[in-house]
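Student: The structure under discussion is supplied below as structure tokens; questions concerning it will follow.
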Amino acid sequence: MSHGQANREKTIIGIKQTVKAIRTGKVREIILASDADGRLLGDLLVLARENGVPVRYAGTRRELGLAHGIDVGASVVAITE
């Protein structure tokens, strides 16, 4: 494995998958879309706070999805490594 591969971040896309990953202690940081529906994110934000996972906002759902290799919008991306 090259040095570049060793430092590559792994991501999880989606609310349900992110919640599962937080509960298993795998998430290093969460990125939320600025236009994500707050009603859907309430439990996720509480869980992140309880587990000391930093949360930041970046772009729209469409931009976040495209930035992480999917053609649809993404409300949440979790960084795991």
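The values are calculated or read from the model by the stated rules, or taken from the named source; none is laboratory data. Quick caveat, the model's predicted, so the values are computed rather than measured. Cβ: placed from backbone, ideal geometry, glycine included. Neighbour counts: every protein chain shown. The protein model used for the area step is the full one, side chains on, heavy atoms only, and it has no ligands, DNA or RNA in it. Shrake-Rupley method; radii C 1.70, N 1.55, O 1.52, S 1.80 Å.
Student: Please find, among ALA58, ALA78, ALA48, ALA67, the residue that is touching a residue at least 40 places away in the same chain (Cβ under 8 Å) and aliphatic (A, V, I, L, M).
Tutor: None of the others qualify; the one that does is ALA78.
Student: Got a sec? Which of ARG56, ARG61 is under 14 Å from GLY14 (Cβ atoms), of a type outside the set (Ser, Thr, Tyr) and open to solvent by 30 Å² or more (accessible area, probe 1.4 Å)?
Tutor: Exactly one residue qualifies, and that residue is ARG61.
Student: Show the residue pairs that are 6+ apart or on different chains and have beta-carbon atoms under 9 Å apart, the first residue being within the range 10-23 and under 21 Å from GLU63 (Cα atoms) and among the polar types (S, T, N, Q), the second being open to solvent by 30 Å² or more (accessible area, probe 1.4 Å) and not in a loop (DSSP other than H, G, I, E, B).
Tutor: THR18/ILE12
Student: Could you grab me the full set of residues in the range 69-79 that are surrounded by 15 or more Cβ atoms within 10 Å (Cβ to Cβ) and within 19 Å of GLU9 (Cβ to Cβ)?
Tutor: ALA74, SER75, VAL76, VAL77, ALA78, ILE79
Student: Turning to a different aspect of this structure: Just the residues that are part of a helix (DSSP H, G or I) and modelled with pLDDT of 90 or more, please, taken from the range 43-61.
Tutor: Of everything in the range 43-61, those that are part of a helix (DSSP H, G or I) and modelled with pLDDT of 90 or more turn out to be ASP43, LEU44, LEU45, VAL46, LEU47, ALA48, ARG49, GLU50.
Student: Could you list, in sequence order, the residues of the range 37-53 that are surrounded by 11 or more Cβ atoms within 10 Å (Cβ to Cβ) and among the small types (Gly, Ala, Ser)?
Tutor: ALA48
Student: Next up: Output the number of residues of the range 23-40 satisfying the condition of being touching a helix residue (DSSP H, G or I) at 6+ places or on another chain (Cβ under 8 Å) and assigned to a loop (DSSP other than H, G, I, E, B).
Tutor: Within the range 23-40, residues that are touching a helix residue (DSSP H, G or I) at 6+ places or on another chain (Cβ under 8 Å) and assigned to a loop (DSSP other than H, G, I, E, B) number 4.
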